[in-house]
Amino acid sequence: MPYKVLIIPGDGIGPEVVDAALYVIKAAAERFGVELEMKMAEAGDVALRKYGVAMPQETLKLADAADIIFKGPIGESAYDVTSLIRMRYTLYANIRPVKNLPGVPALKEIDCVFVRENVEDVYVGAEYRVGGVAIALKIITEEGTRRIARVAKRYAEMRRRRVTVVHKANVLRVVDGLFRDVALEELRELEVDQMYVDAAAMELVRNPARFDVVLTTNQYGDILTDLAAQVAGGIGLAPSGNIGDAKAMFEPVHGAAFDIAGKGIANPIAAILSGAMMFEWIGRKEAADAIRFAVEKSIEKDVKTPDIGGRNTTLEVGKYISSIVSG
Ligand code: ATP
């Protein structure tokens, strides 16, 4: 049975990086005999302008039927598309590996995985305005924390068995306190430390090599992963997976980056490595490894976009990487 994959190109640089990534995904699927049934659908600012809704019914129907969603970044309507997909399919684990790529100048050595809770926290969308007062609810549940802590545990067991739990329980004593206590309980068999989010931001710049698996809440994870991506060499390189029990969505960490859209200079590596994570999720590690190898090869051969010191276009990089994958 083929895997049903819904492709959402998204906004800004989304269609460019997704297009480049599709060359690579198709090459890997062909070489390793992975059957993918791919469909395309619109969502985001483009859809909002065209149909008056960021997530059209047709796209939603296709997303419901898909096993996997492969998505580019969404612009202004990110909450109505990205957050909607995460919530609707309970994609509770946002996995963001951050690692240097050989040949890419980086601030520091870093090799860690962020395990970010993905469906709770202030992102549940419970915001209110009462006159001159605005209120946002921060929801953290014991069940949700246990579930994400178990994911962090699995990653730590495959790595160096070390988890840093990041929170702000000295201020948010009840909500972050719950997250901390439940997480520490779930992780008791591993080497665990805890850090306030402000200290974690500082440590990620000062001594990022100290981190192995970082377990944190939705909003802190959102912010810290952009920071960590920059430490590793740039936001154009950072992939992510949104994982649930039955469905998953893969997308680059970066946003729509309207400032460089349409210029053909966006780095497709974040989207391409998100494709590698997709193959890993369906249990085809050999395809994921081939993509990662090809990405490293493209950098070694100087086939790269300007953000990492190259002169190639988005599509040239995608096609080059796909040719290496094809063998
Ligand atoms: P958002 O607000 O949705 O997070 P954004 O459009 O502000 O997104 P970011 O992803 O935060 O963009 O990126 C910040 C800047 O980094 C962009 O404006 C762009 O110049 C650069 N950038 C982002 N992604 C890429 C990429 N894939 N290749 C090259 N440069 C990028």
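Values quoted throughout were computed directly from the atomic coordinates according to the rules given, and no laboratory measurement underlies them. Quick caveat: nothing in here was measured; it's all calculated off a predicted structure. Neighbour counts are summed over all protein chains in view; Cβ atoms, including those assigned to glycine, are modelled from backbone coordinates with ideal geometry.
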Under 20 Å from a point placed 7 Å out from the Cα of residue 297 along the Cα-to-Cβ direction: which residues of segment 96-132 have their backbone N that close? 101-104
Under 15 Å from the residue 171 label point (7 Å along Cα→beta-carbon), backbone N, segment 94-128: 122
Please tell me the relative contact order of the chain in percent, rounded to the nearest whole number, where contacts are Cα pairs under 8 Å and at least six residues apart. 24 percent
Compute the FRET efficiency between residue 323 and residue 57 as 1/(1 + (r/R0)^6), taking r as their Cβ-Cβ distance and R0 = 35 Å, and round to the nearest 0.05. 0.35
Highest-fluctuation residue, 247, 301, 99 considered, GNM on the chain with Cα pairs under 10 Å: 301
What percent does the relative contact order of segment 210-327 come to when contacts are Cα pairs within less than 8 Å and at least six residues apart? 21 percent
Calculate log10 I(q)/I(0) of the chain for q = 0.09, 0.11 Å⁻¹, where I(q) comes from the Debye formula with a single equal point scatterer on each Cα and nothing for solvent. -0.45, -0.68
For 298, 83, 326, 240, what ranking results if the residue with the fewest other Cβ atoms within 10 Å of its Cβ goes first? 326, 83, 240, 298
Taking only C-alpha pairs under 8 Å that are 6+ residues apart, what is the relative contact order of segment 148-265 in percent? 24 percent
Using only the Cα atoms of segment 1-71, build the gyration tensor, take square roots of its eigenvalues as a ≥ b ≥ c, and label the shape rounded, prolate or oblate: rounded if a/c is under 1.5, else prolate if a/b is larger than b/c, else oblate. oblate
For an R0 of 35 angstrom, estimate the FRET efficiency from the Cβ-Cβ distance between residue 210 and residue 188 and round to the nearest 0.05. 0.95
Comparing 255, 221, 52, which has the greatest mean-square fluctuation in the GNM of the chain with Cα pairs linked when under 10 Å apart? 52
For residue 215, residues with placed amide H under 5 Å, excluding near neighbours: 115, 164, 165, 166
For residue 61, counting only aspartates and glutamates whose alpha-carbon sits under 13 Å away and dropping same-chain residues fewer than eight positions off, the answer is 42
Modelled label-to-label distance, residue 154 and residue 31, 7 Å Cα→beta-carbon offset: nm? 2.7 nm
The pairs in 108/285; 39/71; 39/247; 39/263; 138/168 lying past 19 Å Cα-Cα in this model are 108/285; 39/263
